Amino acid sequence: MALEKFSEIYLRAATRKGSNSALEQRLTHPKSADELKSITDDRWLAVMSQKIFQSGMNWQVVRNKWPGFEEVFWGFDIEKMCLTPPEMWEQKATNPAIIRHLGKVMTIPHNAQMIQRAAREHGSFAAFIADWPESDIVGLWAYLKKHGSRLGGNTGPYSLRLMGKDTFILSGDVESYLRAYKIIDGGRDTRKSLQAAQEAFNHWQEESGRPLCQISQIIAYSVGDNSY
């Protein structure tokens, strides 16, 4: 696999954004392991649920309704979510304070159970996430997809990014770049493609010393329709 030097990617992105400083101002910074471990498990469930509801919908509409979700689902308390009987979930799915979508509502108890299982084994779900190596972040994506509900595709990765876990994102621009440089050539979410993407990002991380999230953003800013 012949990879473009990251310094060249960075230069192109900085040129498109106007300067190095203009590019740097756009980049996110991941949380440290200690910062991640301080996040309570109910917040992980809340963010996952929000990203699930935003999938296929206007994100701002979901954000505007979110206070209603927090109230209806008791602040996403993990124990309460796991103990709520099935008939109550169906009732909650009809509440006008939230976006009424039974299929997505039913992901909440499923993902609460996933979080609870991991927390029992690792002390907290946050500790489980914090200790997962970024050099195999696609392995964490796979875990969320397998053990959670509707956390495949970019939903799981975006949830991790929002919470501060260092991860790259296979956005449209990043995927297009990886295909243009023959890093991936099959389905985006196949094991082969994900592993190839991980190896490329690991290489760029070693080369640049930057977190995966920034590498991902810089690649996106270096291509596509975001030159302004």
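Across the range 77-90, what is the number of residues that are over 18 Å from LEU45 (Cβ atoms) and either touching a Lys or Arg at 6+ places or on another chain (Cβ under 6 Å) or surrounded by 12 or more Cβ atoms within 10 Å (Cβ to Cβ) (or both)? Total meeting the criteria: 1.
Residues that are in a helix (DSSP H, G or I), of a type in the set (A, V, I, L, M, F, W, C) and more than 14 Å from LYS51 (Cα to Cα) within the range 92-110 comprise just one, LEU102. Taking LEU45 as the residue in question, decide whether it is in a helix (DSSP H, G or I), more than 16 Å from the chain's Cα centre (by Cα), of a type outside the set (Lys, Arg) and surrounded by 14 or more Cβ atoms within 10 Å (Cβ to Cβ). Against the criterion (in a helix (DSSP H, G or I), more than 16 Å from the chain's Cα centre (by Cα), of a type outside the set (Lys, Arg) and surrounded by 14 or more Cβ atoms within 10 Å (Cβ to Cβ)), LEU45 does not qualify. Of everything listed in (1) more than 19 Å from LEU212 (Cβ to Cβ); (2) buried (at least 19 other Cβ atoms within 10 Å of the Cβ), the single unmet condition for MET57 is (2).
Report yes if ILE9 is out of contact with any strand residue (DSSP E or B) (no Cβ under 8 Å at 6 or more places or on another chain), assigned to a helix (DSSP H, G or I) and not small (Gly, Ala, Ser), otherwise no. Spelling it out, ILE9 is indeed out of contact with any strand residue (DSSP E or B) (no Cβ under 8 Å at 6 or more places or on another chain), assigned to a helix (DSSP H, G or I) and not small (Gly, Ala, Ser).
In contact with a His (Cβ under 8 Å, 6 or more places away or on another chain), modelled with pLDDT of 95 or more and surrounded by fewer than 16 Cβ atoms within 10 Å (Cβ to Cβ), is that true of ASP131?
On the way: in contact with a His (Cβ under 8 Å, 6 or more places away or on another chain): yes; modelled with pLDDT of 95 or more: yes; surrounded by fewer than 16 Cβ atoms within 10 Å (Cβ to Cβ): yes.
Yes; evaluated as a whole, the condition is true for this residue.
Listed here are the residues, each with its yes/no results for (1) open to solvent by less than 20 Å² (accessible area, probe 1.4 Å); (2) assigned by the TED database to the domain that holds GLN116; (3) out of contact with any Asp or Glu (no Cβ under 6 Å at 6 or more places or on another chain); (4) among the polar types (S, T, N, Q).
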position	(1), (2), (3), (4)
VAL138	yes, yes, yes, no
PRO157	yes, yes, yes, no
LYS182	no, no, yes, no
ASP185	no, no, yes, no
GLU199	no, no, yes, no
GLY209	no, no, yes, no
GLN217	no, no, yes, yes
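The values are calculated or read from the model by the stated rules, or taken from the named source; none is laboratory data. Just so it is clear, the structure is predicted and the values come from calculations on it, not from any experiment. A quick note on method: Cβ atoms are made from the backbone with ideal geometry, for glycine too, and the neighbour counts reach across all protein chains shown. Areas reflect the complete protein model, heavy atoms only, side chains present, ligands, DNA and RNA absent. Shrake-Rupley method; radii C 1.70, N 1.55, O 1.52, S 1.80 Å.
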